Amino acid sequence: MAVEAGLAADGRRSPLSDARRQAAHWCRRYRAGGDGAVAARRRHGVLTRAQELTLIETMRDRFPDQLTLTGPLWSRQTVAALVERLYDIPLSPAAAARYLRAWGLTAREPVDRACPLCAESVVRWQADVYPAISRAAQEQRAEIYWAGKTRLHGVSPATEVVAAISTRGWVRFMVTTEPDLPRDFLTRLRPTSGRMSHVVADGSWSCAEWPRRVPDGVVLHALPSCERAR
């Protein structure tokens, strides 16, 4: 018995037939509306390079609530919301997290935050000092964040961010040109519940570059760094 065109022997539609139908669909869209009609139907979560750079520039020196988005600092959720607003492209938080990882905003072990000269000091600090910080945070039901400054990967012109990653893996960041540790950033790390936040700052800043007055509800700790000793 002859097999119906476009169907495999088991009665299911063949992959080749699906590919042909999809190609014909895109050709019809192109004839109807040109490149714009095809681009408008890009796969969810995919940004062009130009869109990605515009997204980063939109976040520069701005907080989400200044753009009427929900959230004190940028996160995978607020990045996804901004993408949908700017480009009308649905982006899941998981897809936004992949962009953050590609930019270099990922969790790092404390020793990875130190230069080779400071590695041993950081290991001792983890054994001697950090347990007390962890106990205090547990008693206060507070969050612990590891904060530092990093340059976004693959972005031109060079763009720096101040980022904090919680022990739960949450990423909070701001895109900024400010060299000092921003006080506003620390203020916005406080949970809305009013609980405290313990922030461990790496050697991205000397103590002179810390805020003169740490915001209420924030306890700032210094990760050992030879940069601070200078």
Query raised in the report: Residue check: is ARG113 touching an Asp or Glu at 6+ places or on another chain (Cβ under 6 Å) and of a type in the set (D, E, K, R)?
Result: yes
Requested in this report: Report yes if THR192 is of a type in the set (Val, Ile, Thr), farther than 20 Å from CYS118 by Cα and in a helix (DSSP H, G or I), otherwise no.
Outcome: no
Query - Filter result (surrounded by 14 or more Cβ atoms within 10 Å (Cβ to Cβ) and assigned to a loop (DSSP other than H, G, I, E, B)) within the range 110-121 - result: ALA114
**Report entry** Residues of the range 122-181 classified as basic (Lys, Arg), modelled with pLDDT under 95 and assigned to a strand (DSSP E or B), total
**Finding:** 2
Query raised in the report: Any residue in the range 39-61 that is in contact with a helix residue (DSSP H, G or I) (Cβ under 7 Å, 6 or more places away or on another chain), at pLDDT below 90 and within 21 Å of GLY104 (Cβ to Cβ)?
Result: yes
Query - Identity of the residue in the range 62-71, surrounded by 14 or more Cβ atoms within 10 Å (Cβ to Cβ) and not aliphatic (A, V, I, L, M), that ends up farthest from THR167 (Cα to Cα) - result: ARG62
Query raised in the report: With (1) polar (S, T, N, Q); (2) touching a strand residue (DSSP E or B) at 6+ places or on another chain (Cβ under 9 Å); (3) at pLDDT below 95 as the list, and SER206 as the residue in question, which single condition is left unmet?
Result: (2)
Query raised in the report: Say we look at the range 72-89 and pick out the residues that are buried (at least 16 other Cβ atoms within 10 Å of the Cβ) and outside any helix (DSSP H, G or I); which of these is nearest to the chain's Cα centre (by Cα)?
Result: SER75
Query raised in the report: Do the conditions hold for ARG76, that is, is it among the charged types (D, E, K, R) and within 22 Å of VAL175 (Cα to Cα)?
Result: yes
Query - Filter result (farther than 27 Å from LEU186 by Cβ and not small (Gly, Ala, Ser)) within the range 86-103 - result: LEU86, TYR87, ASP88, ILE89, PRO90, LEU91, ARG98
Query raised in the report: Do we find a residue being touching a Cys at 6+ places or on another chain (Cβ under 9 Å) and in contact (Cβ under 8 Å) with a residue 40 or more places away in the chain anywhere in the range 100-116?
Result: yes
Report task. Please indicate, with yes or no, whether at least one residue in the range 214-227 is in a loop (DSSP other than H, G, I, E, B), within 26 Å of ARG62 (Cβ to Cβ) and within 18 Å of the chain's Cα centre (by Cα). Result -> no
**Report entry** Qualifying residue in the range 156-177 (condition: more than 17 Å from MET59 (Cβ to Cβ), surrounded by 21 or more Cβ atoms within 10 Å (Cβ to Cβ) and touching a residue at least 24 places away in the same chain (Cβ under 8 Å))
**Finding:** no
Query raised in the report: How do the pairs read when you match residues in the range 201-220 that are in the same structural domain as ARG141 (by TED's automatic domain parsing) with residues anywhere that are of a type in the set (Ser, Thr, Tyr) and in a loop (DSSP other than H, G, I, E, B), using Cβ under 6 Å and keeping only pairs 6 or more apart or on different chains?
Result: GLY203/SER225
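The values are calculated or read from the model by the stated rules, or taken from the named source; none is laboratory data. Just so we're clear, the structure is a prediction, and the values are computed from it rather than from any experiment. All Cβ positions, even for glycine, are placed from backbone atoms using ideal geometry, and neighbour counts span all protein chains on display.
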